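Visitor: One structure, as structure tokens, below. Some questions next.
The values are calculated or read from the model by the stated rules, or taken from the named source; none is laboratory data. Just so you know, these numbers come straight off a predicted model, no measurement behind them. Reconstructed Cβ throughout: ideal geometry from the backbone, glycine too, with neighbour counts over all protein chains shown. Please note that ligands, DNA and RNA were not included when accessible areas were found on the heavy atoms of the full protein model with its side chains. Shrake-Rupley method; radii C 1.70, N 1.55, O 1.52, S 1.80 Å.
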Amino acid sequence: MKTILSLILIFLASCSLAQWHWQNPLPQGNHLNDVFFINQNIGWAVGDFGTIIKTTDSGDSWELLESPSACTYQKVEFLSCETGFVIGDNGVIIKTTNGGISWTQLVSNTDQDLSDLHIICPNKIWVCGDCSTILHSSDLGNTWSIQYSGSLTLNSIWFNDVYHGWAVGGTENIFLTYDGGNTWEERTDKD
């Protein structure tokens with residue numbers, strides 16, 4: 001009886017040391033929230049639990065990339081094949097300068113969930129999210145300033161040029177700027 005009990009304990013101990021590896025579906029099984037292609041071949045997708053995947057063959061195959069955070073990522077956008085940004089929950093903004101091989105977590109100055117990202121040029125990047133949060137970077141994402149905050153959830157942000165931009169959220173809330181986000185005017189679809 002002692003021999004059987006000893007064998008069972010040895011078996012359980014060896015099972016507890018086993019490494020788990022994702023098998024199916026490949027390359028991962030988490031919910032994806034956004035996709036961005038820089039050209040017809042190279043693209044990235046992001047999603048729940050820090051998921052970042054990349055393709056170099058028009059999406060025929062995808063590679064799972066390492067992520068510095070396990071948060072839910074909402075949006076991905078790249079300036080080039082090398083430089084890109086991902087935003088997500090809890091104010092997370094990450095940046096890569098090598099196509100996603102490695103990522104650096106940036107200081108966003110907020111803990112609000114972030115939902116959208118828009119890049120006009122390397123020096124003009126805007127992000128929006130919960131509590132009417134609008135963030136701006138003018139130095140390739142190295143530093144971020146809060147341009148606006150309130151009580152609404154903003155879902156999308158868009159700029160035509162470095163001066164004229166819009167952020168929207170809820171059922172009728174529209175914010176607009178004519179000065180690059182230095183001031184934001186709140187409108188509703190009833191205005």
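Visitor: Report Rg(Cα)/(2.2 N^0.38 Å) for the range 92-166, keeping two decimals.
Guide: Dividing the Cα radius of gyration by 2.2 N^0.38 Å gives 1.07.
Visitor: Ignoring any ligand, DNA or RNA, what whole percent of the accessible area of the range 70-175 comes from carbon and sulfur when the probe is 1.4 angstrom? Could you put the intermediate results ahead of the total?
Guide: Working: 2150 of 4350 Å².
Carbon plus sulfur share of accessible area: 49 percent.
Visitor: Another one. Given Cβ point charges of +1 (Lys, Arg) and -1 (Asp, Glu) and nothing else, what value in debye, to the nearest 20, does the dipole of the range 42-186 about its Cα centre take?
Guide: 240
Visitor: Just need the relative contact order of the range 85-130 here, percent rounded to a whole number, with Cα pairs under 8 Å and 6+ apart. Walk me through the numbers before you get to the answer.
Guide: Numbers: 80 pairs, mean separation 15.1, N = 46.
This gives 33 percent for the range 85-130.
Visitor: Which three extents, in angstrom, do the Cα atoms of the range 146-186 have along their principal axes, listed largest first?
Guide: 25, 18, 14
Visitor: Report the extension gain between SER145 and ASN109 in nm, rounded to one decimal, defined as 0.36 nm multiplied by the number of residues separating them, less their alpha carbon distance.
Guide: Numbers: separation 36, 0.36 × 36 = 12.96 nm, distance 0.71 nm.
Between SER145 and ASN109, full extension yields 12.3 nm more.
Visitor: Could you report the range 27-136's accessible area per residue, 1.4 Å probe, as an integer in Å²?
Guide: Per residue, the range 27-136 has 41 Å² of solvent-accessible surface.
Visitor: Taking θ as phi - 60°, what are the ³J(HN,Hα) couplings along the range 38-45 by the Karplus curve (6.51, -1.76, 1.60), each to the nearest whole Hz, with x for Gly and Pro?
Guide: Result, rounded to whole Hz: 7, 7, 5, 9, 9, x, 10, 9.
Visitor: Need the full-extension length gain, ARG187 to SER80, defined as separation in residues times 0.36 nm minus the C-alpha distance. One decimal, nm.
Guide: 35.1 nm
Visitor: Give, in nm to one decimal, the length gained when the segment between LEU176 and THR97 is fully stretched (0.36 nm per residue of separation minus the Cα-Cα distance). Can you show the working numbers first?
Guide: Details: separation 79, 0.36 × 79 = 28.44 nm, distance 3.10 nm.
Extra length available between LEU176 and THR97 comes to 25.3 nm.
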